[in-house]
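Structure first, then comments.
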Amino acid sequence: MIFSLHSASFFSIPHTSQSLLLFPRNPKSCSRVFRILRACSNSTDEPHVSVSGRRTNYAGVRLEETVVDVNSDSGKLRLDSWISSRIIGISRARVQSSIRSGLVSVNDRIVDKVSHVIRAGDKVNCTISELQPLRAEPEDIPLDIVYEDEHVLVVNKPAHMVVHPAPGNASGTLVNGILHHCSLPTVALPNRDSEEDYISDDEFNSFAGGQNCGTCETSIRPGIVHRLDKGTSGLLVVAKDEHSHAHLSEQFKLHTIHRVYISLTSGVPTPLSGRVEIPVGRDPNNRIRMTAVPGPSNSGQARHAASRYKVIEILAGGGSALVEWRLETGRTHQIRAHAKYLGIPLLGDEVYGGTKNMALSLLRPRIPSSHHGQLAQLVLRLDRPCLHAVALGFNHPKTGKNVHFSCQPPEDFAEILSWLRKISTEKKKGLIL
């Protein structure tokens, strides 16, 4: 099947007659879903680093240190900022929670003000607080369900929707919507520091053991088998019973899941297709950002990561490109980090260099001046990386059949793609899916 993105219908994949059909809600099958959607990994899998350099969830970590110097442009240094800089990888929010809980003292006096200014010579004593469980409430959130049966649910996740609750995103998540869709009660979820602390956006999840549920025939551990980043739109599969969860998780482990992404990039990669095998790890200067780290994997916190890419269209005279990505691994922000490494950050990806200024500087010289105003309006409206999970395929956990699904990118992506095509487009060879 040739991959064509030039018409209103992006493509269809005739592997199964059930692809892309919207199935009616099935309350009976939904009732089998375990009421606790375990949306987080075991704490032993969390990629946290304590002051000793070992992985931990930080609870109980102690810091006793004297402030040696205050390096700040204003000459002032906040307590929460300083503690965050001394415990590698911890979030500012987690430190602030510990301060407000009365677990931090300065010169032997408890300080509960996160903005307290510290000075050279101050003695700081801090104990990191326990994470409190999050509560996920069922919410009547419209879900774009591409496919549903008794065992799996395939959802087209919109951009800006968080997959599951985290501090700062306690509601409006995909999990909240699934709880309502399946008529399930309020649940408790393991807490995490933030959405950015997850092991990966798209890698399989390892779930802890389930609990017995009065509405279920067996104790099962369904839920989010993999994740998409908050700003990424597209296809995501949810398991609805224990067998399906285990079966899908194994496929993710073995990297046999068929996943295709498309993106709009700042500039055009050279060469037009290739394979990027560069480890990805947490950026030591910005904990919400990952970075491609050339060299051996597992050096520091970098992990092996491999992506394949191919240019589908060169747009606006080379100011942008429509690029297909296929993942061999699933690291946090892998495509975004590898795109930055290639020098083609995704349009709208402010975190990884795809800034509005960069987009304007690349595109303005390549388009007529009469279009500059419209270009500026389009670019200013970009509020997320132009990245979409366009295709998903897996072996169905019950039937064993290979099923494939696809979905068009949302309006914001399609609008800027259409506009860039009007400036100019140079199609490359069709891609075989």
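The values are calculated or read from the model by the stated rules, or taken from the named source; none is laboratory data. Because the structure is a prediction, the values reported are computed rather than measured. Using ideal geometry, Cβ is built from the backbone for each residue, glycine included, and neighbour counts are taken over all protein chains shown. What goes into the accessible areas is simple: the full protein's heavy atoms, side chains included, and nothing from ligands, DNA or RNA. Shrake-Rupley method; radii C 1.70, N 1.55, O 1.52, S 1.80 Å.
See the values below:
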quantity	calculated
Ser17 open to solvent by 40 Å² or more (accessible area, probe 1.4 Å), closer than 30 Å to His404 by Cα and either among the small types (Gly, Ala, Ser) or at pLDDT 50 or above (or both)	yes
Hey, Ile141 open to solvent by less than 50 Å² (accessible area, probe 1.4 Å), part of a helix (DSSP H, G or I), of a type in the set (Val, Ile, Thr) and touching a Gly at 6+ places or on another chain (Cβ under 9 Å) or not	no
Any hit, the range 386-399, residues being in contact (Cβ under 8 Å) with a residue 60 or more places away in the chain, charged (D, E, K, R) and open to solvent by 20 Å² or more (accessible area, probe 1.4 Å)	yes
Residues satisfying the stated conditions in the range 344-369, i.e. over 19 Å from Ala321 (Cβ atoms) and either part of a loop (DSSP other than H, G, I, E, B) or among the hydroxyl-bearing types (Ser, Thr, Tyr) (or both)	Pro368, Ser369
Qualifying residue in the range 145-157 (condition: of a type in the set (Ser, Thr, Tyr) and closer than 30 Å to Arg259 by Cα)	yes
When residues of the range 370-392 are limited to those that are part of a helix (DSSP H, G or I) and of a type in the set (A, V, I, L, M), the one nearest to Lys340 (Cα to Cα)	Val379
Residue match in the range 47-55 (condition: more than 21 Å from Ala136 (Cβ to Cβ), polar (S, T, N, Q), open to solvent by 80 Å² or more (accessible area, probe 1.4 Å) and at pLDDT below 90)	no
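Results for (1) crowded, with 17+ Cβ neighbours inside 10 Å; (2) closer than 27 Å to Arg289 by Cβ; (3) modelled with pLDDT under 90, shown as yes or no for each residue.
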{"site": "Ile88", "(1), (2), (3)": "no, yes, yes"}
{"site": "Ser91", "(1), (2), (3)": "yes, yes, yes"}
{"site": "Arg94", "(1), (2), (3)": "yes, yes, yes"}
{"site": "Ile99", "(1), (2), (3)": "yes, yes, no"}
{"site": "Lys123", "(1), (2), (3)": "no, no, no"}
{"site": "Cys126", "(1), (2), (3)": "yes, yes, no"}
